[in-house]
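Single-structure report; data block below.
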Amino acid sequence: MAVSIKSQREIELMRHAGKLLASVHEELAGIIAPGISTLEIDRLGERLIRSHGCIPSFLNYNGYPASVCVSVNEEVVHGIPCRERILREGDIVSLDAGLIYKGYHSDAARTHFVGEVRPEVRKLVEITKQSFFEGIKMARAGNHLFDISNAIDRFISQYGYGIVRDLTGHGIGTGLHEDPQIPNFRQIRRGMKLRPGMTLAIEPMINMGRADVEWLEDDWTVVAQDGLPSAHYENTILITEGEPEILTIL
Ligand code: MF3
Ligand code: CO
């Protein structure tokens, strides 16, 4: 497993890629409301990414047909935007987007509320986000990769939610998915040592019910088997000599 260590120049490019993606997410957050279609979100996302002179990295990735993955309620990730899929009051919607700036990738996901959402579903979304922050407390040079996984698992376990095991976080750089894979659940071993200059996409996917997922007929959309809601939160981060740097926030 070859994990790339980014040079100072590469880190600058990834910082820029991250900021641009954070601004795209911020704009997308502003249009989430009952009555809009998941396709409208994708269309705006693609337009914003291209307006920054970047390439939407998901479009045509292994044949994926859009720039933003839009996953509603029990859809975990990789939902395909669709003109007929209209957001309704009480839904939650996960937006996952990636872009390439001067050859360097950034990748981030947010789960939004559509209007007023049931408290227990709001809690799922908030705890999912918080689990990312629990995970990256461990994302420091000298710690080990799976310290992150174990911290996420330990935090989530208190709530009885299901941690999706079939998909993981990943290294990122000149490729969208680089080594290493970063599970969000407990690992027996501690994994590789973290070093400054590693860039990682950490992305807990958390189900309100059981962890089991299945794929829809479209071969993309991952859904919770029990039909209960699922949340996703992801940022691209940089391992430094000290605190990790979150690249995909403003
Ligand atoms: N953000 C996703 C990930 O981290 C990538 C989406 S896969 C695509 O794996 F095909 F939709 F691009
Ligand atoms: Co990712």
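Summary table
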item	result
Carbon/sulfur fraction of accessible area - the stretch 29-138, other protein chains in place, 1.4 Å, %	50 percent
Choice from 112, 52, 78 with maximal GNM fluctuation in the chain (Cα, 10 Å cutoff)	52
Efficiency of FRET from Cβ geometry, residue 250 and residue 210, R₀ 45 Å, rounded to 0.05	0.80
Label point 7 Å beyond Cα of residue 179 along Cβ direction - residues of the stretch 222-245 with amide nitrogen under 11 Å	none
Filtered GluC sites (Glu not before Pro), the stretch 64-95: DSSP coil and at most 14 other beta carbons within 10 Å	84, 89
Cα-based shape type of the chain, given that a ≥ b ≥ c are square roots of the gyration tensor eigenvalues and the cut on a/c is 1.5	oblate
Local electrostatic count at residue 162 - Lys and Arg +1, Asp and Glu -1, tallied over other residues with Cβ under 12 Å	-3
Local electrostatic count, residue 198, Cβ distance below 13 Å [Lys/Arg +1, Asp/Glu -1]	-1
Where labels lie 7 Å past Cα in the beta-carbon direction, separation of residue 40 and residue 126 in nm	2.8 nm
Positive minus negative residues near residue 16 (Lys, Arg vs Asp, Glu; Cβ under 14 Å)	+2
Distance between the stretch 166-245 and the stretch 74-101 - C-alpha centres, whole angstrom	17 Å
Span-rule helices in the chain, defined as complete DSSP H runs reaching 24 Å or more along the axis (Cα) with Kyte mean at least 0.5	none
Phi to ³J(HN,Hα) by Karplus 6.51 cos²θ - 1.76 cosθ + 1.60 over the stretch 165-173, Hz, x for Gly, Pro	9, 7, 9, 9, x, 6, x, 8, x
Solvent-accessible heavy-atom area per residue, rounded to whole Å², over the chain at 1.4 Å	44 Å²
Karplus 3J(HN,Hα) series, Hz, for the stretch 228-235 with 6.51 cos²θ - 1.76 cosθ + 1.60 (x for Gly, Pro)	7, x, 9, 10, 9, 9, 9, 9
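The values are calculated or read from the model by the stated rules, or taken from the named source; none is laboratory data. Here the structure is a predicted model, which means the values were calculated and not measured. So basically every Cβ, Gly included, is an ideal-geometry build from the backbone, and we count neighbours across all protein chains shown. To get the accessible areas, we keep the full protein, side chains included, count just its heavy atoms, and leave off ligands, DNA and RNA. Shrake-Rupley method; radii C 1.70, N 1.55, O 1.52, S 1.80 Å.
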